[in-house]
Amino acid sequence: MGRLYFQILGETRISNADGRVYSINSVMVRTMLAALLLEGSGKVVSTGRLADLMWNERPPSAASNLRTYKSRLQHILRVTTQSNRILTGQRGIGGYSIVADSQEVDLLSFRSLRAEAKKKLLAGRNEEAAVELKKAIAIWRGPFGEDLANTGRLTAIARGVNNERTLAVEQLGRVAITIRNVGEAIQLLDRHVNDSPTRESGWVLLACAHYMNGNPAIAQSTVRRACQALSEEVGLLPSADLRAAENAAVRHDDRWFQRHLGSMR
């Protein structure tokens, strides 16, 4: 079986061992591939589960449509590796599964690197943890789910998957501050809050980074930027953490910032 790389963190696509990339034109075929990969290698996803993910209202032809999408996906995989990766559930188990090891799926690679970073953080090996987190974040080419079927269930799953990246970015920001790579943390977190302006924990971390970089005034202005973004985007008042960060910057309260960074492990 030839080596493939299934990429769903960004544009949904497949690449082979030679580095050739195969885009998938059909949104429903892309969605079926993503649904199978989310379930895991060799695990049968029932036709009912697939239909619920792929349609808000299941059409009468759902079972037939799924067979068509499965055939199209099989064809793509056979062209890329001359192997069959899509299996049909055995008699009595209606559905499909995909064969792919963890190193062939970008989401699983990302999760593996995050888990390794967590182990290193627990062992106090912060510099090594930062390396693993950078590798994990670099796997992402864009948000998950934007080129898939727009259904309620899939949107909820996508929100959770994309939040994993958000947490990894914030974890890397915290680690970078801890190991005194504060300039790097500021660049990372500044991009982060621009991408996610209502993410209060990101703003608090950015304020921490500026303070630990010797700029309490910029830490205060960061909180004001956060308050403006929250008001304009969603009409919210700042959280207790944001207010506490601003007060700590005014008081030059080193201990508050150190405690806050330590509490985000």
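The values are calculated or read from the model by the stated rules, or taken from the named source; none is laboratory data. Predicted model, so just to flag it, every value in this text is computed and none were measured. Cβ placement follows ideal geometry from the backbone for every residue including glycine, while neighbour counts extend to all protein chains displayed. To get the accessible areas, we keep the full protein, side chains included, count just its heavy atoms, and leave off ligands, DNA and RNA. Shrake-Rupley method; radii C 1.70, N 1.55, O 1.52, S 1.80 Å.
Just so you know, in region 12-34 the residues that are of a type in the set (Val, Ile, Thr) and open to solvent by less than 30 Å² (accessible area, probe 1.4 Å) include one that is nearest to the chain's Cα centre (by Cα), and it is Thr12. The helices (runs of 4 or more DSSP H) found entirely in region 159-265 that carry 3 or more residues being closer than 29 Å to Leu9 by Cβ are 182-195, 200-212, 216-234.
Scanning region 88-113 for residues that are in contact with a strand residue (DSSP E or B) (Cβ under 8 Å, 6 or more places away or on another chain) and in a helix (DSSP H, G or I), we see that the one that is modelled with the highest pLDDT is Asp106.
For region 247-259, enumerate the residues that are open to solvent by less than 50 Å² (accessible area, probe 1.4 Å) and out of contact with any Pro (no Cβ under 8 Å at 6 or more places or on another chain). Ala248, Asp253, Trp256, Phe257, listed by residue number. Got a number for residues in region 72-87 being open to solvent by less than 80 Å² (accessible area, probe 1.4 Å) and either in contact with a helix residue (DSSP H, G or I) (Cβ under 6 Å, 6 or more places away or on another chain) or modelled with pLDDT under 90 (or both)? Matching residues across region 72-87 total 11. Within region 65-72, the presence of a residue that is among the aliphatic types (A, V, I, L, M), under 29 Å from Asn162 (Cβ atoms) and either in contact (Cβ under 8 Å) with a residue 60 or more places away in the chain or assigned to a loop (DSSP other than H, G, I, E, B) (or both) is excluded. Within the set Ile177, Ile186, Ile157, the sole residue that is surrounded by fewer than 21 Cβ atoms within 10 Å (Cβ to Cβ) and among the hydrophobic types (A, V, I, L, M, F, W, C) turns out to be Ile157. Taken as a whole, the structure leaves Arg191 outside the set of residues that are of a type in the set (Lys, Arg), at pLDDT 95 or above, open to solvent by less than 40 Å² (accessible area, probe 1.4 Å) and within 18 Å of the chain's Cα centre (by Cα). Please find, among Leu66, Leu9, Leu50, Leu37, the residue that is among the aliphatic types (A, V, I, L, M), surrounded by 13 or more Cβ atoms within 10 Å (Cβ to Cβ) and over 23 Å from the mean Cα position of the chain (by Cα). None of the others qualify; the one that does is Leu66. I need the full set of residues from region 1-31 which are in a loop (DSSP other than H, G, I, E, B) and among the hydrophobic types (A, V, I, L, M, F, W, C), in order please. Met1, Ile8, Leu9, Ala17, Ile24, listed by residue number.
Residues of region 130-154 that are open to solvent by 30 Å² or more (accessible area, probe 1.4 Å) and either part of a loop (DSSP other than H, G, I, E, B) or farther than 24 Å from Ala35 by Cβ (or both): Val131, Lys134, Lys135, Ala138, Ile139, Arg141, Pro143, Glu146, Asp147, Asn150. Consider Arg58 carefully, then state whether it is open to solvent by 50 Å² or more (accessible area, probe 1.4 Å) and part of a loop (DSSP other than H, G, I, E, B). For Arg58, the condition - open to solvent by 50 Å² or more (accessible area, probe 1.4 Å) and part of a loop (DSSP other than H, G, I, E, B) - is met. When Glu164, Glu127, Glu116 are checked against the criterion of being among the acidic types (Asp, Glu), surrounded by fewer than 20 Cβ atoms within 10 Å (Cβ to Cβ), at pLDDT 95 or above and within 11 Å of the chain's Cα centre (by Cα), Glu164 stands alone in meeting it.
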